[in-house]
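What follows is a short report on a single structure.
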Amino acid sequence: MTAVKTTETAAPAGSIPPALPPAVTGGARKRRRGGAFDRALPYLLLAPALIAILWLIGWPVVSVFVTSFRQLNLGELVRGEIVWTGLDNYMTVLQDERFWEVSLRTVVFTVSVVVASVGMGLGIALLMRVLTPWVRIALQIAMLCAWAMPILASTTVYQWMFDQNYGILNKTLVQLGFDSFAGYSWFSSGSSTLSVVGLLIVWQAIPFLAFSLYAGLVGIPRDLYEAAGIDGASGWQTFRAVTWPEIRSLLLMVTFLSVLWDFKVFAQIWVFREGGPSGESTTLPVLQYLEGIAKSHFGVAAAISVLMMVILGLITFQYLRKLLQTEEGKI
């Protein structure tokens, strides 16, 4: 067979290359359009949920922020008047010594309750890892029952438990020989009132914290504990070297949530003594309610709400910063 040699003649300089067929260029445009649509599709799917969240959460925040710059008492609300006062509401709140006293009380109360609830929740979670199955199930059922109890119902039970004349706690202490607790009032001062309220909130918070942390503990491989045991590590050393690194991020998250929830506790404090006696157990949510609902000073109450968000942001900044850490670096 004779080989056939073909030669290609180079196109002269300056000549225009032949145009691609329409099918080729049309397919490229379709691919470009398809690629842009594919990139935008996740955002389009998220848009309805994002709009709903902004409407349900973002709009009330904006409304409170705008209201804080208005004089909005009952008269303006009925007449539909809009009276802008600038920073007068903030100056009224910040110049009130009671606001700073209540703010300090709220922060101390929040920190105390969060430390107690997270510490006890972590302890119970660690305990559930070593309990026998039947005992662990009984403990979990008991915590579920406590968790399912409505807030007002549990608050009423605690009121009866700590009642001055008929409370089971005083009667038990008297039976144990502590005669000074006969007729003792647990709500005679703000500190003792907040102590009882804090005990109630810790009791209500422990189930969630214990279950959440127990779920994190269950996910830790047993091989790590076996290796620590072979190395002769003590219980504390095992917790510090194995358990703590594995649950640290989860512990930070539940601590962050606890701060958010406990900082704005209202129902329990209000039901017990409505911020009494003499306002000594008043916290920022109660103060906001007294100014907005009881006195109809809605502009001042809105200013307190904004300041509450600022204080809460300062408290949780470090927690939020640690939660947003990435492997590449810190933000």
Stretch gain in nm, segment I51-V130, where the contour uses 0.36 nm per residue and the Cα spacing is subtracted:
23.8 nm
Answer in debye to the nearest 20: the dipole magnitude of the chain about its Cα centre, from +1 Lys/Arg and -1 Asp/Glu charges placed on Cβ, is 1360
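For a Förster distance of 45 Å, can you work out the FRET efficiency between the beta-carbons of A36 and Q318, rounded to the nearest 0.05?
Calculated transfer efficiency: 0.65.
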Subtracting the Cα-Cα distance from 0.36 nm times the residue separation, let me have the gained length for L77 to L173 in nm, one decimal.
29.3 nm
Taking a crude spin-label model, label points 7 Å out from Cα along the C-beta direction, the A233 to V62 distance in nm is 5.1
If I ignore ligands, DNA and RNA and count only protein heavy atoms, how much of L77 is accessible to a 1.4 Å probe, in Å² to the nearest 10?
100
If you stretched the chain out fully between Y43 and V310, how much longer would it get, using 0.36 nm times the residue separation minus the C-alpha to C-alpha distance?
93.0 nm
Let me check the size of segment 99-329 from its C-alpha atoms; what are the radius of gyration and Dmax in Å?
20.9, 67
For the residue pair D223 and W84, what label-to-label distance in nm results when each label sits 7 Å from Cα along the Cα-to-beta-carbon direction?
6.6
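The values are calculated or read from the model by the stated rules, or taken from the named source; none is laboratory data. Small disclaimer: the values here were computed from a predicted structure and weren't measured. Neighbour counts run over all protein chains shown; Cβ positions are idealised from the backbone, glycine included. Just so you know, the surface numbers come from the protein's heavy atoms only, side chains and all, with ligands and any DNA or RNA stripped out. Shrake-Rupley method; radii C 1.70, N 1.55, O 1.52, S 1.80 Å.
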